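Read through the structure below, which is laid out as C-alpha coordinates, and then see the notes.
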Amino acid sequence: MEGNLITGLNRRKGKIFFLFLVCSFLAWFLSNLSDSYESRTNFTLNYKSLPDSLILGNKASKNLEAKVRTSGFQLMYYRFFSKQIDVDLSNVGYQNGEYVITEDNLKKQMDKQLSQNVSLLDLDRSRWVVDLYQVSQKALAIKPNIELKFQPNHILDGVLTISPDSIVVKGPASEIDTLFEVETEPIILNNLSEDFSEEASIVFPKGLDNSIFSSNRTQVSGHVVKFSEKVFEVEVKPVNFPDDYEVKMFPNTVSLVCKASLEQLKTLDPGSFEIIADYKQLGGNANNSLFLKVAKKPGTVYAVRLQQRTVNFVLERK
(Lines give C-alpha, C1' and ligand atoms only; values in the text may rest on other atoms or scores of the structure.)
Protein backbone atom coordinates (compact mmCIF):
# COMPACT_ATOMS: atom_id res chain seq x y z
CA MET A 1 0.00 0.00 0.00
CA GLU A 2 2.80 2.42 0.96
CA GLY A 3 4.63 1.62 -2.28
CA ASN A 4 1.58 2.39 -4.39
CA LEU A 5 1.19 5.72 -2.59
CA ILE A 6 4.79 6.69 -3.30
CA THR A 7 4.45 5.69 -6.93
CA GLY A 8 1.31 7.80 -7.28
CA LEU A 9 3.02 10.84 -5.75
CA ASN A 10 5.99 10.45 -8.10
CA ARG A 11 3.68 10.32 -11.11
CA ARG A 12 1.87 13.42 -9.93
CA LYS A 13 5.17 15.26 -9.47
CA GLY A 14 6.21 14.18 -12.98
CA LYS A 15 3.02 15.55 -14.52
CA ILE A 16 3.39 18.83 -12.66
CA PHE A 17 7.01 19.10 -13.77
CA PHE A 18 6.05 18.41 -17.38
CA LEU A 19 3.28 21.03 -17.19
CA PHE A 20 5.72 23.65 -15.88
CA LEU A 21 8.18 22.67 -18.62
CA VAL A 22 5.56 23.16 -21.33
CA CYS A 23 4.48 26.48 -19.85
CA SER A 24 8.09 27.65 -19.67
CA PHE A 25 8.66 26.67 -23.30
CA LEU A 26 5.51 28.49 -24.41
CA ALA A 27 6.52 31.59 -22.46
CA TRP A 28 9.97 31.49 -24.07
CA PHE A 29 8.49 30.84 -27.51
CA LEU A 30 5.98 33.70 -27.23
CA SER A 31 8.67 36.01 -25.90
CA ASN A 32 10.84 35.27 -28.92
CA LEU A 33 7.93 35.70 -31.35
CA SER A 34 7.38 39.20 -30.02
CA ASP A 35 10.92 40.17 -31.05
CA SER A 36 11.66 41.64 -34.49
CA TYR A 37 13.26 39.58 -37.22
CA GLU A 38 14.38 40.00 -40.80
CA SER A 39 13.20 37.38 -43.24
CA ARG A 40 12.14 36.87 -46.85
CA THR A 41 8.46 36.19 -47.49
CA ASN A 42 6.16 35.83 -50.47
CA PHE A 43 3.39 38.22 -51.47
CA THR A 44 0.56 37.66 -53.96
CA LEU A 45 0.02 40.51 -56.43
CA ASN A 46 -3.45 41.56 -57.53
CA TYR A 47 -3.23 43.83 -60.58
CA LYS A 48 -5.83 46.61 -60.67
CA SER A 49 -6.70 49.85 -62.51
CA LEU A 50 -5.50 48.50 -65.85
CA PRO A 51 -5.62 51.15 -68.64
CA ASP A 52 -8.36 50.54 -71.22
CA SER A 53 -5.71 50.28 -73.93
CA LEU A 54 -3.96 47.32 -72.27
CA ILE A 55 -4.83 43.76 -71.32
CA LEU A 56 -3.14 41.49 -68.80
CA GLY A 57 -1.49 38.42 -70.32
CA ASN A 58 -1.64 34.93 -68.87
CA LYS A 59 2.10 34.95 -68.16
CA ALA A 60 1.91 37.87 -65.75
CA SER A 61 3.69 36.83 -62.56
CA LYS A 62 1.58 37.17 -59.43
CA ASN A 63 4.12 36.15 -56.79
CA LEU A 64 6.73 38.50 -55.37
CA GLU A 65 9.42 37.74 -52.79
CA ALA A 66 10.45 40.56 -50.47
CA LYS A 67 12.65 41.00 -47.42
CA VAL A 68 10.82 42.43 -44.42
CA ARG A 69 11.47 43.25 -40.77
CA THR A 70 8.62 42.49 -38.42
CA SER A 71 7.64 40.48 -35.37
CA GLY A 72 7.87 36.73 -35.25
CA PHE A 73 4.10 36.61 -34.94
CA GLN A 74 3.69 38.43 -38.24
CA LEU A 75 6.28 36.27 -39.98
CA MET A 76 4.56 33.13 -38.78
CA TYR A 77 1.28 34.47 -40.16
CA TYR A 78 2.93 35.11 -43.54
CA ARG A 79 4.20 31.53 -43.56
CA PHE A 80 0.65 30.20 -43.52
CA PHE A 81 -1.30 33.00 -45.22
CA SER A 82 0.16 34.85 -48.19
CA LYS A 83 -0.41 38.59 -48.03
CA GLN A 84 -2.23 40.01 -51.09
CA ILE A 85 -0.98 43.32 -52.49
CA ASP A 86 -3.05 45.41 -54.90
CA VAL A 87 -0.83 46.81 -57.67
CA ASP A 88 -2.10 49.92 -59.46
CA LEU A 89 -1.20 49.70 -63.17
CA SER A 90 -2.75 53.02 -64.21
CA ASN A 91 0.74 54.56 -64.61
CA VAL A 92 2.70 51.51 -65.72
CA GLY A 93 5.84 52.41 -67.68
CA TYR A 94 6.96 51.21 -71.11
CA GLN A 95 10.68 50.55 -71.60
CA ASN A 96 12.43 48.72 -74.44
CA GLY A 97 9.28 46.94 -75.55
CA GLU A 98 8.26 45.89 -72.01
CA TYR A 99 5.75 47.20 -69.48
CA VAL A 100 7.52 47.72 -66.16
CA ILE A 101 6.92 48.94 -62.63
CA THR A 102 9.96 50.42 -60.94
CA GLU A 103 11.16 49.14 -57.58
CA ASP A 104 10.39 52.49 -55.92
CA ASN A 105 6.87 52.54 -57.33
CA LEU A 106 6.15 49.00 -56.17
CA LYS A 107 7.66 49.64 -52.73
CA LYS A 108 5.47 52.71 -52.22
CA GLN A 109 2.34 50.75 -53.12
CA MET A 110 3.32 47.89 -50.80
CA ASP A 111 4.21 50.17 -47.88
CA LYS A 112 0.71 51.69 -47.98
CA GLN A 113 -0.87 48.26 -47.62
CA LEU A 114 1.42 46.66 -45.04
CA SER A 115 0.72 47.10 -41.34
CA GLN A 116 2.76 49.63 -39.36
CA ASN A 117 4.84 46.97 -37.63
CA VAL A 118 6.11 45.62 -40.99
CA SER A 119 9.14 47.32 -42.57
CA LEU A 120 9.79 46.57 -46.26
CA LEU A 121 13.55 46.25 -46.74
CA ASP A 122 14.16 44.85 -50.20
CA LEU A 123 12.49 43.28 -53.24
CA ASP A 124 13.80 40.34 -55.20
CA ARG A 125 14.29 42.49 -58.31
CA SER A 126 14.89 46.14 -59.19
CA ARG A 127 12.24 46.31 -61.95
CA TRP A 128 9.01 44.37 -62.23
CA VAL A 129 8.02 43.35 -65.78
CA VAL A 130 4.25 42.89 -66.30
CA ASP A 131 2.91 40.76 -69.15
CA LEU A 132 0.69 43.34 -70.88
CA TYR A 133 -0.59 43.68 -74.44
CA GLN A 134 -2.00 46.53 -76.46
CA VAL A 135 -5.71 45.93 -76.76
CA SER A 136 -7.58 45.50 -80.01
CA GLN A 137 -11.29 44.92 -79.85
CA LYS A 138 -14.03 43.90 -82.25
CA ALA A 139 -17.59 42.59 -82.25
CA LEU A 140 -18.12 38.96 -83.25
CA ALA A 141 -21.45 37.66 -84.52
CA ILE A 142 -22.82 34.62 -82.69
CA LYS A 143 -23.83 31.79 -85.01
CA PRO A 144 -26.19 29.25 -83.44
CA ASN A 145 -25.15 25.65 -84.05
CA ILE A 146 -28.68 24.30 -83.84
CA GLU A 147 -30.68 21.44 -85.31
CA LEU A 148 -34.48 21.70 -85.18
CA LYS A 149 -36.89 18.84 -85.77
CA PHE A 150 -40.58 19.65 -85.79
CA GLN A 151 -43.73 17.68 -85.25
CA PRO A 152 -45.77 17.16 -88.45
CA ASN A 153 -47.21 20.37 -89.92
CA HIS A 154 -45.13 22.64 -87.66
CA ILE A 155 -42.43 25.07 -88.72
CA LEU A 156 -40.24 27.89 -87.46
CA ASP A 157 -41.98 31.22 -87.96
CA GLY A 158 -39.42 33.83 -89.04
CA VAL A 159 -35.82 33.61 -87.94
CA LEU A 160 -34.11 32.56 -84.74
CA THR A 161 -33.66 35.18 -82.03
CA ILE A 162 -30.14 35.31 -80.55
CA SER A 163 -29.66 37.36 -77.37
CA PRO A 164 -27.04 38.64 -77.33
CA ASP A 165 -26.45 38.22 -81.06
CA SER A 166 -22.82 39.30 -80.79
CA ILE A 167 -20.02 39.57 -78.24
CA VAL A 168 -16.98 41.82 -77.91
CA VAL A 169 -13.52 40.30 -77.84
CA LYS A 170 -10.51 42.20 -76.53
CA GLY A 171 -6.98 40.98 -77.05
CA PRO A 172 -3.76 41.30 -79.02
CA ALA A 173 -4.36 42.08 -82.69
CA SER A 174 -2.34 39.00 -83.65
CA GLU A 175 -4.91 36.79 -81.91
CA ILE A 176 -8.22 38.34 -82.94
CA ASP A 177 -7.65 39.86 -86.40
CA THR A 178 -8.89 36.73 -88.19
CA LEU A 179 -12.00 36.30 -86.02
CA PHE A 180 -15.39 37.33 -87.40
CA GLU A 181 -17.89 35.04 -85.67
CA VAL A 182 -18.20 32.41 -82.96
CA GLU A 183 -20.53 29.43 -82.69
CA THR A 184 -22.61 28.07 -79.86
CA GLU A 185 -22.28 24.57 -78.54
CA PRO A 186 -24.45 22.09 -80.51
CA ILE A 187 -28.18 22.35 -79.73
CA ILE A 188 -30.57 19.59 -80.84
CA LEU A 189 -34.31 20.06 -80.30
CA ASN A 190 -36.78 17.33 -81.31
CA ASN A 191 -40.56 17.14 -81.73
CA LEU A 192 -41.06 20.89 -81.62
CA SER A 193 -44.65 22.09 -81.62
CA GLU A 194 -44.37 25.28 -79.55
CA ASP A 195 -42.06 28.21 -78.96
CA PHE A 196 -38.65 27.42 -77.47
CA SER A 197 -35.81 29.21 -75.69
CA GLU A 198 -32.46 27.57 -74.95
CA GLU A 199 -29.38 28.93 -73.19
CA ALA A 200 -26.18 27.83 -74.88
CA SER A 201 -22.48 28.18 -74.17
CA ILE A 202 -20.32 29.87 -76.77
CA VAL A 203 -17.44 27.83 -78.18
CA PHE A 204 -14.30 29.93 -78.39
CA PRO A 205 -11.49 29.13 -80.84
CA LYS A 206 -8.27 27.76 -79.44
CA GLY A 207 -5.13 29.83 -79.20
CA LEU A 208 -6.75 32.91 -77.63
CA ASP A 209 -4.81 32.71 -74.38
CA ASN A 210 -4.52 36.47 -73.96
CA SER A 211 -7.99 37.51 -75.13
CA ILE A 212 -11.13 38.10 -73.11
CA PHE A 213 -14.77 37.98 -74.19
CA SER A 214 -17.68 40.06 -72.98
CA SER A 215 -19.89 36.99 -72.51
CA ASN A 216 -19.67 33.22 -72.74
CA ARG A 217 -23.36 32.37 -73.09
CA THR A 218 -26.32 33.36 -75.24
CA GLN A 219 -30.05 32.66 -75.48
CA VAL A 220 -31.45 31.06 -78.65
CA SER A 221 -35.22 31.21 -79.12
CA GLY A 222 -37.78 30.77 -81.86
CA HIS A 223 -41.49 31.01 -82.62
CA VAL A 224 -43.08 27.75 -83.77
CA VAL A 225 -46.41 27.69 -85.60
CA LYS A 226 -48.64 25.11 -87.21
CA PHE A 227 -48.82 25.41 -90.99
CA SER A 228 -50.99 24.15 -93.80
CA GLU A 229 -50.93 24.19 -97.59
CA LYS A 230 -53.35 25.73 -100.05
CA VAL A 231 -53.44 25.62 -103.85
CA PHE A 232 -54.03 28.83 -105.83
CA GLU A 233 -54.72 29.11 -109.57
CA VAL A 234 -52.57 32.04 -110.70
CA GLU A 235 -52.58 33.64 -114.14
CA VAL A 236 -49.27 33.59 -116.02
CA LYS A 237 -48.02 37.06 -116.94
CA PRO A 238 -45.96 37.35 -120.15
CA VAL A 239 -43.09 39.86 -119.99
CA ASN A 240 -40.62 41.25 -122.54
CA PHE A 241 -42.55 39.94 -125.55
CA PRO A 242 -42.50 41.94 -128.81
CA ASP A 243 -45.03 44.76 -128.77
CA ASP A 244 -46.33 44.03 -132.25
CA TYR A 245 -47.37 40.49 -131.33
CA GLU A 246 -50.21 39.09 -129.32
CA VAL A 247 -49.19 36.34 -126.89
CA LYS A 248 -51.26 33.29 -126.09
CA MET A 249 -50.18 31.01 -123.22
CA PHE A 250 -50.92 27.30 -122.95
CA PRO A 251 -51.96 27.07 -120.19
CA ASN A 252 -52.53 30.66 -119.15
CA THR A 253 -52.95 29.76 -115.46
CA VAL A 254 -50.92 27.37 -113.31
CA SER A 255 -51.37 25.87 -109.86
CA LEU A 256 -49.22 27.25 -107.07
CA VAL A 257 -48.97 25.47 -103.70
CA CYS A 258 -48.44 27.85 -100.78
CA LYS A 259 -47.23 26.79 -97.34
CA ALA A 260 -48.17 29.20 -94.54
CA SER A 261 -49.85 29.38 -91.16
CA LEU A 262 -53.61 28.89 -91.04
CA GLU A 263 -54.11 32.56 -90.18
CA GLN A 264 -51.94 33.69 -93.10
CA LEU A 265 -53.68 31.43 -95.62
CA LYS A 266 -57.01 33.05 -94.78
CA THR A 267 -55.70 36.43 -95.95
CA LEU A 268 -54.25 35.23 -99.31
CA ASP A 269 -55.79 35.04 -102.78
CA PRO A 270 -54.40 34.48 -106.32
CA GLY A 271 -53.63 38.21 -106.55
CA SER A 272 -51.12 37.82 -103.74
CA PHE A 273 -48.79 36.10 -106.22
CA GLU A 274 -47.27 36.89 -109.60
CA ILE A 275 -45.96 34.25 -112.01
CA ILE A 276 -44.11 35.41 -115.13
CA ALA A 277 -42.92 33.88 -118.38
CA ASP A 278 -39.99 35.96 -119.62
CA TYR A 279 -39.46 36.05 -123.41
CA LYS A 280 -35.81 37.05 -122.87
CA GLN A 281 -35.12 33.47 -121.78
CA LEU A 282 -35.09 32.41 -125.43
CA GLY A 283 -32.15 34.59 -126.34
CA GLY A 284 -32.97 34.32 -130.06
CA ASN A 285 -33.52 30.55 -129.99
CA ALA A 286 -36.45 29.13 -131.90
CA ASN A 287 -38.51 27.69 -129.10
CA ASN A 288 -42.05 28.09 -127.86
CA SER A 289 -41.56 26.93 -124.27
CA LEU A 290 -40.58 29.13 -121.32
CA PHE A 291 -39.74 28.40 -117.72
CA LEU A 292 -42.04 29.99 -115.16
CA LYS A 293 -40.83 32.14 -112.30
CA VAL A 294 -42.59 33.32 -109.13
CA ALA A 295 -41.93 37.05 -109.28
CA LYS A 296 -44.02 38.06 -106.27
CA LYS A 297 -45.14 36.36 -103.11
CA PRO A 298 -46.03 37.57 -99.60
CA GLY A 299 -43.02 37.73 -97.33
CA THR A 300 -44.95 36.03 -94.56
CA VAL A 301 -45.38 32.66 -96.32
CA TYR A 302 -42.90 29.87 -95.68
CA ALA A 303 -42.67 28.39 -99.16
CA VAL A 304 -44.34 28.30 -102.59
CA ARG A 305 -44.14 25.59 -105.21
CA LEU A 306 -45.28 25.56 -108.82
CA GLN A 307 -47.00 22.37 -109.89
CA GLN A 308 -45.99 23.13 -113.48
CA ARG A 309 -42.57 24.51 -114.33
CA THR A 310 -42.98 25.49 -118.00
CA VAL A 311 -45.57 27.01 -120.29
CA ASN A 312 -45.94 27.03 -124.07
CA PHE A 313 -46.82 30.11 -126.07
CA VAL A 314 -47.87 31.23 -129.52
CA LEU A 315 -47.21 34.62 -131.06
CA GLU A 316 -49.75 36.17 -133.41
CA ARG A 317 -49.08 39.40 -135.24
CA LYS A 318 -51.54 42.10 -134.31
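What strands (runs of 3 or more DSSP E) completely inside the range 208-318 contain at least 3 residues that are hydroxyl-bearing (Ser, Thr, Tyr)?
So the answer is 217-239, 253-261.
Going through the range 266-290 one residue at a time, which ones are under 30 Å from ASP157 (Cα atoms) and either of a type in the set (D, E, K, R) or touching a residue at least 24 places away in the same chain (Cβ under 8 Å) (or both)?
Passing the criteria: LYS266, LEU268, ASP269, PRO270, SER272, PHE273, GLU274, ILE275, ILE276.
Under 7 Å by Cβ, and 6 or more places apart or on different chains, what pairs join a residue from the range 207-229 that is farther than 30 Å from LYS266 by Cβ and in the same structural domain as ALA173 (by TED's automatic domain parsing) with one that is surrounded by 13 or more Cβ atoms within 10 Å (Cβ to Cβ) and aromatic (Phe, Trp, Tyr)?
So the pair list comes out as ASN210/TYR133; PHE213/PHE204.
Condition first: farther than 30 Å from THR253 by Cα, outside the structural domain of PHE313 (by TED's automatic domain parsing), within 17 Å of the chain's Cα centre (by Cα) and of a type outside the set (A, V, I, L, M, F, W, C). Can you find one or more residues in the range 149-158 that meet it?
Looking through the range 149-158, none of the residues is farther than 30 Å from THR253 by Cα, outside the structural domain of PHE313 (by TED's automatic domain parsing), within 17 Å of the chain's Cα centre (by Cα) and of a type outside the set (A, V, I, L, M, F, W, C).
Out of LEU179, LEU114, LEU156, LEU140, I need the residue that is within 23 Å of LEU45 (Cα to Cα) and aliphatic (A, V, I, L, M). Which one?
The match here is LEU114.
Test of understanding: among GLU199, GLU246, GLU263, which residue is free of Cβ contacts under 8 Å to residues at least 24 places away in the same chain, touching a strand residue (DSSP E or B) at 6+ places or on another chain (Cβ under 6 Å) and exposed (fewer than 15 other Cβ atoms within 10 Å of the Cβ)?
GLU199
Across the range 266-316, which residue is nearest to ASN240 (Cα to Cα) among those that are over 49 Å from the mean Cα position of the chain (by Cα) and among the aromatic types (Phe, Trp, Tyr)?
TYR279
Give the range 160-178 a look and list any residue that's in a strand (DSSP E or B) and touching a residue at least 40 places away in the same chain (Cβ under 8 Å), or say none.
Correct list: LEU160, THR161, ILE162, SER163, ILE167, VAL168, VAL169, LYS170, GLY171.
Could you grab the pairs with beta carbons closer than 8 Å, sequence gap of 6+ or different chains, first residue in the range 100-112 and in the same structural domain as ILE55 (by TED's automatic domain parsing), second one among the aromatic types (Phe, Trp, Tyr) and not in a helix (DSSP H, G or I)?
VAL100/TYR94; VAL100/TRP128; ILE101/TRP128; THR102/TRP128; GLU103/TRP128; LEU106/TRP128; MET110/PHE43
Only strands (runs of 3 or more DSSP E) wholly contained in the range 63-117 count here; list those with 2 or more residues that are modelled with pLDDT of 80 or more and under 21 Å from ASP52 (Cα atoms).
On the way: elements: 63-71, 83-88, 93-95, 98-102.
In the range 63-117, 83-88, 93-95, 98-102 are the strands (runs of 3 or more DSSP E) which contain 2 or more residues that are modelled with pLDDT of 80 or more and under 21 Å from ASP52 (Cα atoms).
The values are calculated or read from the model by the stated rules, or taken from the named source; none is laboratory data. Only a predicted model underlies this, so the values are computations on that prediction, with no experimental measurement involved. No Cβ is skipped: glycine too gets one built from the backbone with ideal geometry, and neighbour counts run over all protein chains shown.
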